[in-house]
Amino acid sequence: MTSTPPVAPSAPAVSLGAQLTRRKPVERLVADAGSGEGGTLRRTLGVWHLTMISIGATLGTGIFVVLGEAVPVAGPAVVISFVLAGVIALLSALSYAELAGMIPAAGSSYSYSYATLGELAAWVCGWCLILEYGVSVAAVAVGWGQYVNELLDATLGVTIPDAWSQPPGAGGYFNVPALVVVVLATLVLLRGVTESARVNTVMVVVKILALLLFCSIAFTAFRAGNMTPLFPLGLAGMSSGAATLFFSYIGFDAASTAGEEARNPQRDLPRAIMLSLGIVTVLYCLVALAAVGALPWRRFEGTEAALARIVDNAGGGSLAVGLLSLGAVVAIASVVLTVLYGQIRILFAMSRDGLVPPIFARVDRRTGVPRANTLVVGLFVSVLAASIPLGELANATSIGTLFAFALVNVAVLTLRRTRPDLPRAFRVPFAPVVPIAGALLCCYAMLSLGLSTWVVFLGWMVLGLALYAGYGRHHSRLNSDTMGACSSTSSTD
């Protein structure tokens, strides 16, 4: 009689709770940064380029575009709104600096959440980053067209008709300039990270000079009476303005998405994050003070090219308006370039972990760029920019950013408790007070945003959770590793 070979027991099923809370160890995150089936990114960036990436992604958005949206909400207190938004950003920047030095991965706060809060929290954070980076590119591109028109009017006496420079719902059919700037940024990024960093550095220098030119003209028309009353809409208006203006600080974390392309990430990433935020905050407050001092706050309503209008009213002449508009065109193009870069790296990290399709993690051998990723993101964002009005984009981006920043502060607290042994090139001072304050202020700013913004955000979260349930949870590399380990154990037994 032949004996029947024993049947190996099936691998034990992994519970849903275990899947949602499983964490990716810090050591593995760091190791994965130097490996990958689709290829690896190249380490070519120093502290100078990293700082320029953060400034490029930040400086210009709030001043050149969103200032005209925030002043009618806060009045002259918009200067204090910038300070408050800067303080909120600073507290989170300190947490970013500590984690970026510990975990130099392309995923930024997505990777930090994966190491501390588990896979579901990481997915939610990554989904918020897609809203933060991808949608903010579209929002900034919308404002770019306004300054293109200012430049054309000052130099050639012509403008692009509203039908082709405004999105549907704002008096137009299609925002062609917004489409163009995203396509141009995509083409630059396809050439390689070193070339993109060089182009961005030139653009950052141009926009700083443009803002200094604005201040030199606007302060000649400064009227103290324009600053009173300081709080015409109360403290609530100032808080609401800060929540809106937080959109203008979201670029400082862009350096953290370059963690796998930095030559010395442990040393240079914290330096770049803190240096860029300091430079940007000083310039923002200086320009905001000059702007509201030169133009009564009620006259900011309805313009996304506020600085050019102020220079014209201050008697700067068509040459000054043209130079400022040129600086704004370059500045906003720089934001589009660097924030689009960050979005692509976030998707790269999520794809390498299996949470989004593998096409986003394939690196071109010649350029060292995730080529397909860049093309897909560029196409999606260009269509979004050409068809959605600015206001809702900016507010939706702010709430996604605040949520991600709150998670970063929590991640610092978690790693301080669970992994005190890990080397830290930078440590958040006065912890745990600073990370707790950063998380609470982010939550406070979120509550200051309107109901429509919350509806958009919650809808975005529902869509993201559905995608995770349908794809990410089943394709996660941690999922396959866990099942493989279980199968191996069962076979051995």
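Among the numbered criteria (1) surrounded by 24 or more Cβ atoms within 10 Å (Cβ to Cβ); (2) at pLDDT 85 or above; (3) touching a Leu at 6+ places or on another chain (Cβ under 7 Å), which single criterion is violated by SER276?
(3) is the only condition that SER276 fails.
Quick one: which helices (runs of 4 or more DSSP H) lie wholly within segment 70-162 and hold at least 1 residues that are without any contact (Cβ under 8 Å) to a residue 12 or more places away in the chain?
136-155
Got a number for residues in segment 292-319 being modelled with pLDDT under 80 and assigned to a helix (DSSP H, G or I)?
10
For segment 177-187, does any single residue satisfy the condition of being of a type in the set (Val, Ile, Thr), without any contact (Cβ under 8 Å) to a residue 40 or more places away in the chain and crowded, with 17+ Cβ neighbours inside 10 Å?
So far as segment 177-187 goes, yes, one or more of its residues are of a type in the set (Val, Ile, Thr), without any contact (Cβ under 8 Å) to a residue 40 or more places away in the chain and crowded, with 17+ Cβ neighbours inside 10 Å.
For residues that are over 20 Å from the mean Cα position of the chain (by Cα) and not in a loop (DSSP other than H, G, I, E, B), scanning just segment 426-439, find the one that is surrounded by the fewest Cβ atoms within 10 Å (Cβ to Cβ).
The extreme case among them is VAL433.
All but one of (1) of a type in the set (A, V, I, L, M); (2) crowded, with 16+ Cβ neighbours inside 10 Å; (3) touching a residue at least 40 places away in the same chain (Cβ under 8 Å); (4) within 20 Å of GLY101 (Cα to Cα) hold for LEU413; which doesn't?
All conditions pass for LEU413, except number (3).
Name every residue in segment 349-377 that is in a helix (DSSP H, G or I) and in contact with a Lys or Arg (Cβ under 9 Å, 6 or more places away or on another chain), in order of residue number.
SER351, ARG352, PRO358, PHE360, ALA361, ARG371, ALA372, ASN373
For the list (1) modelled with pLDDT of 85 or more; (2) more than 30 Å from PHE222 (Cβ to Cβ); (3) in contact with a Leu (Cβ under 8 Å, 6 or more places away or on another chain), I need the number of the one condition that MET52 fails.
Among (1) modelled with pLDDT of 85 or more; (2) more than 30 Å from PHE222 (Cβ to Cβ); (3) in contact with a Leu (Cβ under 8 Å, 6 or more places away or on another chain), MET52 violates only (3).
Taking segment 119-149 as the search range and keeping residues that are farther than 19 Å from LEU59 by Cα, buried (at least 24 other Cβ atoms within 10 Å of the Cβ) and not aliphatic (A, V, I, L, M), which one is modelled with the lowest pLDDT?
CYS128
The values are calculated or read from the model by the stated rules, or taken from the named source; none is laboratory data. Everything quoted here is computed from the prediction, not taken from an experiment. Every residue, glycine as well, gets a Cβ built from its backbone with ideal geometry; the counts of neighbours run over all protein chains shown.
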